[in-house]
Structure formats: C-alpha cells, structure tokens
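Working notes, structure below.
The values are calculated or read from the model by the stated rules, or taken from the named source; none is laboratory data. This is a predicted model, so every value here is computed, not measured. When we count neighbours, we look across all protein chains shown, and the Cβ atoms used for this are built from the backbone with ideal geometry, even at glycine.
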Amino acid sequence: MIVDSLVGLVGETPLVRMTRFSASVPPTLIAKVEWLNPGGSVKDRIGIAMIEAAERAGHLRPGGTIVEPTSGNTGAGLAIVAAQRGYRCVFVMPDKMSQEKINLLRAYGAEVVVCPTAVEPDDPRSYYRTAERLAAEIPGGFQPNQYANDANPEAHYRSTGPELWRQTGGDIDVFVTGVGTGGTISGTGRYLKEQNPDVVVVGADPNGSLYSGEEARPYLVEGVGEDFIPDTFDPSVVDRYVTVSDRDAFLTTRRLARDEGMLVGGSGGLAAWAALQVAAEHPPDATIVVLLPDSGRNYLSKIFNDEWMAANGFLDKKGVAARVAEVLAARRGDLPAIVHVHPDEPVREAIATLHRYGVSQMPVVKRDRLESRDDVLGSIAERGLLDRAYRDTGVLDQTVGELMDEPLPMVDARDTVDHAMAVLTAQAPAVLVCQGPMPVGVLTRADVLDFLLEGPEA
C-alpha cells in the first residue's frame, strides 16, 4: 500500500491480547495500541480532525499559525498535519512534561513555550491562558483548543469507536481508557453504547484529578486527568472511574514493557492498571479492551530511568526495583532449587517431604529433572493435606495425583519483586519462578520478607 502522506496512516491500530500481564485475572485483556499511529499516539486522530474542521470553517488559512496548549502528543499530531500543509506551530506545555516531548515537537519544526504547572488554570501564567494570549497576538494565529473543540470527541466517535466494534466483532464488555480532554472516552464510549448499551465504559484517572476527585492536586502522570472539566468531556458516557496513583501507573508502565514488550507511556500504565482491577471483577469469557495512548519513548528519562523513579519514591533497591532472581539468590540454607513431589507418590510421603525441608507447599511434577514449565502438573500445600488427613486418615495412603491442587502461579526470574508480590496472595502463598521456559525455584512471601529485612542496602 502506498499513501500520499503519513496522515493517510492515522487510525486502524491493531488489538493485542495482554496474556502475561493479565495472567492473574480471569479474562484476558486486549490492548488498543494507539502508539502505532504515525505521530506515536492516539492524538493523531484529533490532530487531523481539528485542522480539517478549522479549514472548512475558515479559521485556518494558508500560512497560518497553529497555537495549542498540549502535553506533547496532540502537538505531534498537529505538527505532522501542519508539516504537510505548510502551517507554523507554536505549542505551549506545562513544565512537568518530559524533555523528550519538548525535543520531539521541536524536531517537527515547532516552537515550544514551557509554563509552570503549579498554578491555577485561570492564572495568566498557566499553559491554557498563555496559549490563548499567543493565539490572539500572532497574526493568522488559530488555537484548535482540544479542550473545547467538538472535532475532538467526534474524531473518536467516527474512528476509534467503529474500529473497536468491528475488530471485536461486537464482542466487547468493558472499555477502559484514561481521561484527559475527555475526547477519547466521550466519543468512543458514545459509539460503543449506541451499539450496545450494556458496554461498561471505565475512566482511568490519576489520583489528584478532578474527574474522580473533589479537589485537584498535583500528580506526575502526563497527558491524563485535569484540574478543570473540559467542554469536550461528556460525563454521561462514563459508568465508573478507577483512581490510580502515580506509583501504580509508573510501575505498571514498566511491567508492560517487561511482560508484553509494550513500551508505553505513563497514561498507558495508568489505564492498564485500572483495567486489571476491573478485570478481576469479571468472568473468563468477558472481553475487556484498554486503550494504550502513546509510546514510552517519550519517557526514557523519567519512567524508565531508575534514578528518576527512585528520586521520586517509586523504586528502592530492596523493594520494587529488585528482581525475583535476586531474592532467590539471597535465600539461605541448603534447600534444593525446587522441592517437588510426583503424582504417584503417597500423600504420607509428600507430607514427610514437606516436613523434611521445612516448606509448606511444593509443585507436583512429571519427572525428577524439570525441563520446562509444562512438566508441572499441579501443587500441594501442607495445610490442605493436613486438613484432609485430620478428617480422614485414609487420605494418607492416597496418591498425590488424586489430591493435588492447581499449579502454582508462575513469574519470571526477571520480574520485579513488586510484580511477584502482586501474584503472591493468601490464595497463592507461593509462586513458581521460571527463567524463560525453565522452572528454577519456588518463591514465598516469607522469602520476600527475609530479603527485605536482610538484603543489601540501597
């Protein structure tokens, strides 16, 4: 396929199953990967829509200047179209945005004005009011104003919503997305609900945003949440909100890269974390789609920088930043790497093995030498076996295969301790650790506690 310009490639982004990321919940999450748009984000859709609407209305004429307050992504979407049509661009950004975003807009030939974040929206220094002033002062200046432009939600009503409906064959139960200007959730949600009123539309919102809170407070996630309610937002479309902390958003962002190879921005991590919470409430056959709006390449100096994360209190050496492999390596004693049992062994012998090694659970495996995770058939736990044996001593002479439980949940040795702790629950007090396809150990909550108490200092 040959197109006349990159603008012709906006939209029709694919859906991708997030199998590893969603392993702890019944449904499989599906991601709408919007960073595959030419400008790297969902905002490409509204960039072309707002410019074309302005041209039709006569607000933007040849040689004109586009002035827009943006967190970066809308600016990129506008800049691509502007480059094709000969418009000058001036973008106004809050100072919490990454340097990569500023450099990106300048790479497109745009001028960038940076304004303070910690001021009220109506303060003359805010990036909203600064953009308005510049649009009025610059000859031929026009502000698309994504916060009040009907072309914003309309672009999603005409493209994102129909794409999702067609790609899922109408089989979509929940749609989750971050709420920034409100255009994506309003336009997409409205279309989906017109097709099926039972579709649940969930707004993922930063802790500190006015959408889900009563008072606006500072937060670090970029491009999502607001300290005012934009005209482009239709609150009647949203069925519920899930409020997400900066920490959960950023750690989930990093986890997506590790678990799924999805390098997304913080707003994508925020939406994915919210989708995971919602998915836990649904059955296995539910279809839950989460929109991931932009690429993580704009955040390499922040979210994917350990020093920045640690400086902001999101990582520490002995906690979330440590890898599961480090915890296994720090474990003391002379335990075998994986204490295990076979399905044909009597329960009596299995309990003796548990006591011999001082462990409370172990995997049930096909053979003595584990060659892959497929060799794991199930698991047994001391508490469950003893409860059964206490009620019926005949259980002791049954085979392990007759009484074994489901296999232990699996994590990768490269996973962070934070990820492992999300899997370790009261129902799953241990996890099987794999190095790629090969099981290499069993990790318990006690192992993590010992590591935190005695591990190396940061």
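Of all residues assigned to the stretch 353-370, at least one qualifies as being closer than 19 Å to Leu328 by Cα, outside the structural domain of Asp248 (by TED's automatic domain parsing) and of a type in the set (Phe, Trp, Tyr). Out of Gly358, Gly455, Gly436, one residue alone is at positive phi and at pLDDT below 80. It is Gly436.
Of all residues in the stretch 152-170, those being touching a residue at least 60 places away in the same chain (Cβ under 8 Å) and buried (at least 21 other Cβ atoms within 10 Å of the Cβ) number 7. Could we say that Gly187 is within 18 Å of Thr232 (Cβ to Cβ), touching an Asp or Glu at 6+ places or on another chain (Cβ under 7 Å) and assigned to a helix (DSSP H, G or I) here? It is true that Gly187 is within 18 Å of Thr232 (Cβ to Cβ), touching an Asp or Glu at 6+ places or on another chain (Cβ under 7 Å) and assigned to a helix (DSSP H, G or I).
Yes or no, residue by residue, for (1) at pLDDT 95 or above; (2) under 16 Å from the mean Cα position of the chain (by Cα); (3) closer than 17 Å to Val176 by Cα:
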residue: Met1; (1), (2), (3): no, no, no
residue: Gly8; (1), (2), (3): no, no, no
residue: Glu12; (1), (2), (3): yes, no, no
residue: Arg20; (1), (2), (3): no, yes, no
residue: Ala23; (1), (2), (3): no, yes, no
residue: Pro26; (1), (2), (3): no, no, yes
residue: Ala31; (1), (2), (3): yes, yes, yes
residue: Asp44; (1), (2), (3): yes, no, no
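Looking only at residues in the stretch 64-75 that are of a type in the set (S, T, N, Q) and surrounded by 20 or more Cβ atoms within 10 Å (Cβ to Cβ), the one that is farthest from Gly86 (Cα to Cα) is Ser71. Put simply, of Gly261, Gly269 the only residue that is of a type in the set (Gly, Ala, Ser), closer than 18 Å to Val33 by Cβ and surrounded by 24 or more Cβ atoms within 10 Å (Cβ to Cβ) is Gly269. When the stretch 384-401 is limited to residues that are charged (D, E, K, R) and exposed (fewer than 11 other Cβ atoms within 10 Å of the Cβ), the one that is nearest to the chain's Cα centre (by Cα) turns out to be Arg391.
Whether any residue in the stretch 154-169 is polar (S, T, N, Q), in a helix (DSSP H, G or I) and closer than 20 Å to Ile303 by Cβ is what I want to check. So far as the stretch 154-169 goes, no, none of its residues is polar (S, T, N, Q), in a helix (DSSP H, G or I) and closer than 20 Å to Ile303 by Cβ. The listed residues are Arg61, Arg125, and the only one of them that is surrounded by fewer than 16 Cβ atoms within 10 Å (Cβ to Cβ) and either assigned to a helix (DSSP H, G or I) or touching a residue at least 24 places away in the same chain (Cβ under 8 Å) (or both) turns out to be Arg61. Just name the residue that is farthest from Asp234 (Cα to Cα) out of those in the stretch 144-180 that are polar (S, T, N, Q) and modelled with pLDDT under 95. Restricting to residues being polar (S, T, N, Q) and modelled with pLDDT under 95, the top hit is Asn145. The set of residues from the stretch 10-47 being without any contact (Cβ under 8 Å) to a residue 60 or more places away in the chain, outside any loop (DSSP other than H, G, I, E, B) and either at positive phi or surrounded by 15 or more Cβ atoms within 10 Å (Cβ to Cβ) (or both) comprises Leu36, Asp44, Gly47.
Here's the yes/no breakdown for (1) of a type in the set (A, V, I, L, M, F, W, C); (2) under 17 Å from Ala329 (Cβ atoms); (3) in contact with a His (Cβ under 7 Å, 6 or more places away or on another chain):
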{"residue": "Tyr390", "(1), (2), (3)": "no, no, no"}
{"residue": "Leu396", "(1), (2), (3)": "yes, no, no"}
{"residue": "Asp405", "(1), (2), (3)": "no, no, no"}
{"residue": "Val411", "(1), (2), (3)": "yes, yes, yes"}
{"residue": "Ala422", "(1), (2), (3)": "yes, no, no"}
{"residue": "Cys434", "(1), (2), (3)": "yes, yes, no"}
{"residue": "Pro439", "(1), (2), (3)": "no, yes, no"}
{"residue": "Ala446", "(1), (2), (3)": "yes, yes, no"}
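Look at the stretch 215-232: where a residue is basic (Lys, Arg) and a partner is in a loop (DSSP other than H, G, I, E, B), sitting 6+ places away or on another chain with Cβ atoms under 6 Å, you get Arg217/Gly208. With respect to the conditions (1) surrounded by 16 or more Cβ atoms within 10 Å (Cβ to Cβ); (2) within 30 Å of the chain's Cα centre (by Cα), Ser372 lacks only one, and its number is (1).
No other residue among Asp205, Asp173, Asp246, Asp234 is surrounded by fewer than 18 Cβ atoms within 10 Å (Cβ to Cβ) and more than 20 Å from Gly75 (Cα to Cα) apart from Asp234. For the stretch 104-119, taking the residues that are more than 29 Å from the chain's Cα centre (by Cα) and assigned to a loop (DSSP other than H, G, I, E, B), the one that is surrounded by the most Cβ atoms within 10 Å (Cβ to Cβ) is identified as Ala110.
Just one of the numbered conditions (1) at pLDDT 95 or above; (2) over 20 Å from Val290 (Cα atoms); (3) within 21 Å of the chain's Cα centre (by Cα) is not true of Thr65: (3).
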